[in-house]
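Trainee: Supplied in structure tokens, the structure appears directly below.
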Amino acid sequence: MAAMVRVRVVAWGLLAMGLGCGYRFVPRDSTLPQGLRSVCAPMFLNQTPEPGLETLFTESFRQELVRAGTLGARGACEGQVEGTVTNVSSVPTIVTEPTIENGVTRPPQLASYRAYAEARLRLLKDGQVIAETGVAGTEDYLPGSGDVLEAEANRLAALRRLSETLMREGYERLAQNW
């Protein structure tokens, strides 16, 4: 019984030391040009025929601001980032060769697609542009098993991954004043 009490005392002591050791989580380098420490990101503009992309890209960019510790509260922002999704497309990238099975020729099949997107970001302070960048990229996805809904879900998942990648790159470019 006494050994159990000692184990608890030691465990509580280690826990107390661990909590008071001075370690803390800090955001990655969150320095933006001209010393901006907090920025707001209103809803991006969407200049594409693809509905909803503005929401997807805005959410991804705001997530980058949260990671960097620079997302400002409404009304308490030192700067603002305006974003515009300027282009989006999807194209087939791999088409299989026709095959012959049991004397029946099967036509070529789509084996892979590639989603492409591009966006512009502008960092403003007091209404003046202090940094601006454009980002573009691609993300591959599978067409699925032939079900249209599955193919569309795969495409949307690829666009989400692509928006996250592009907004991470866009934030880093703005932070480095590219």
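The values are calculated or read from the model by the stated rules, or taken from the named source; none is laboratory data. Note that this is a predicted model, so its numbers are computed, not measured. Cβ sites come from the backbone with ideal geometry, for glycine too, and all protein chains shown count toward neighbours. For the accessible areas, the whole protein counts, side chains as well, though only heavy atoms, and no ligand, DNA or RNA atoms are used. Shrake-Rupley method; radii C 1.70, N 1.55, O 1.52, S 1.80 Å.
Trainee: Given the residues L110, L123, which is the only one that is in contact (Cβ under 8 Å) with a residue 24 or more places away in the chain, of a type in the set (A, V, I, L, M, F, W, C), open to solvent by less than 80 Å² (accessible area, probe 1.4 Å) and over 23 Å from A157 (Cβ atoms)? Write out each step before concluding.
Mentor: On the way: L110 fails: over 23 Å from A157 (Cβ atoms).
Matching residue, one of L110, L123: L123.
Trainee: Please tell me if G35 is loosely packed, with under 10 Cβ neighbours inside 10 Å, modelled with pLDDT of 80 or more, out of contact with any Leu (no Cβ under 9 Å at 6 or more places or on another chain) and closer than 23 Å to R168 by Cα. So that I can check it myself, show each step before the final result.
Mentor: Numbers: loosely packed, with under 10 Cβ neighbours inside 10 Å: yes; modelled with pLDDT of 80 or more: yes; out of contact with any Leu (no Cβ under 9 Å at 6 or more places or on another chain): yes; closer than 23 Å to R168 by Cα: yes.
Yes: the conditions hold for G35.
Trainee: Residues in the stretch 53-64: is at least one of a type outside the set (K, R), modelled with pLDDT under 95, surrounded by fewer than 19 Cβ atoms within 10 Å (Cβ to Cβ) and on the phi < 0 side of the Ramachandran plot?
Mentor: No, every residue in the stretch 53-64 fails to be of a type outside the set (K, R), modelled with pLDDT under 95, surrounded by fewer than 19 Cβ atoms within 10 Å (Cβ to Cβ) and on the phi < 0 side of the Ramachandran plot.
Trainee: Just give me the residues in the stretch 126-138 being more than 19 Å from S90 (Cβ to Cβ) and crowded, with 16+ Cβ neighbours inside 10 Å, in sequence order. Can you show your working first?
Mentor: Here is the first cut: in the stretch 126-138, the residues more than 19 Å from S90 (Cβ to Cβ) are 126-134.
Those that are more than 19 Å from S90 (Cβ to Cβ) and crowded, with 16+ Cβ neighbours inside 10 Å: I130, A131, T133.
Trainee: Modelled with pLDDT under 90, touching a Gly at 6+ places or on another chain (Cβ under 9 Å) and within 19 Å of P42 (Cα to Cα), is that true of G72? Show your work before the answer.
Mentor: Values: modelled with pLDDT under 90: yes; touching a Gly at 6+ places or on another chain (Cβ under 9 Å): yes; within 19 Å of P42 (Cα to Cα): yes.
Against the criterion (modelled with pLDDT under 90, touching a Gly at 6+ places or on another chain (Cβ under 9 Å) and within 19 Å of P42 (Cα to Cα)), G72 qualifies.
Trainee: Next question, about the same structure. Look at A115 and say whether it is surrounded by 18 or more Cβ atoms within 10 Å (Cβ to Cβ) and among the small types (G, A, S).
Mentor: So A115 fits the description; yes.
Trainee: Let me ask something else. How many of the residues making up the stretch 139-172 are open to solvent by 70 Å² or more (accessible area, probe 1.4 Å) and under 27 Å from L36 (Cα atoms)?
Mentor: Count: 3.
Trainee: Another question about this same structure. Among the small types (G, A, S) and either surrounded by 15 or more Cβ atoms within 10 Å (Cβ to Cβ) or on the phi > 0 side of the Ramachandran plot (or both): is that true of A73 in this structure?
Mentor: Details: among the small types (G, A, S): yes; either surrounded by 15 or more Cβ atoms within 10 Å (Cβ to Cβ) or on the phi > 0 side of the Ramachandran plot (or both): no.
No; evaluated as a whole, the condition is false for this residue.
Trainee: Whether any residue in the stretch 113-124 is of a type outside the set (A, V, I, L, M, F, W, C) and at pLDDT below 95 is what I want to check.
Mentor: Step one: of the stretch 113-124, the residues of a type outside the set (A, V, I, L, M, F, W, C) are 113-114, 116, 118, 120, 122.
Adding the requirement that they be at pLDDT below 95 leaves 113-114.
Checked the stretch 113-124: at least one residue is of a type outside the set (A, V, I, L, M, F, W, C) and at pLDDT below 95.
Trainee: So for the stretch 136-155 (the condition being assigned to a helix (DSSP H, G or I) and of a type in the set (K, R)), does at least one residue qualify? Don't jump to the end; show me each part of the working.
Mentor: Narrowing the stretch 136-155 to residues assigned to a helix (DSSP H, G or I): 148-155.
Then keep just the ones that are of a type in the set (K, R); that gives 155.
Within the stretch 136-155, one or more residues are assigned to a helix (DSSP H, G or I) and of a type in the set (K, R).
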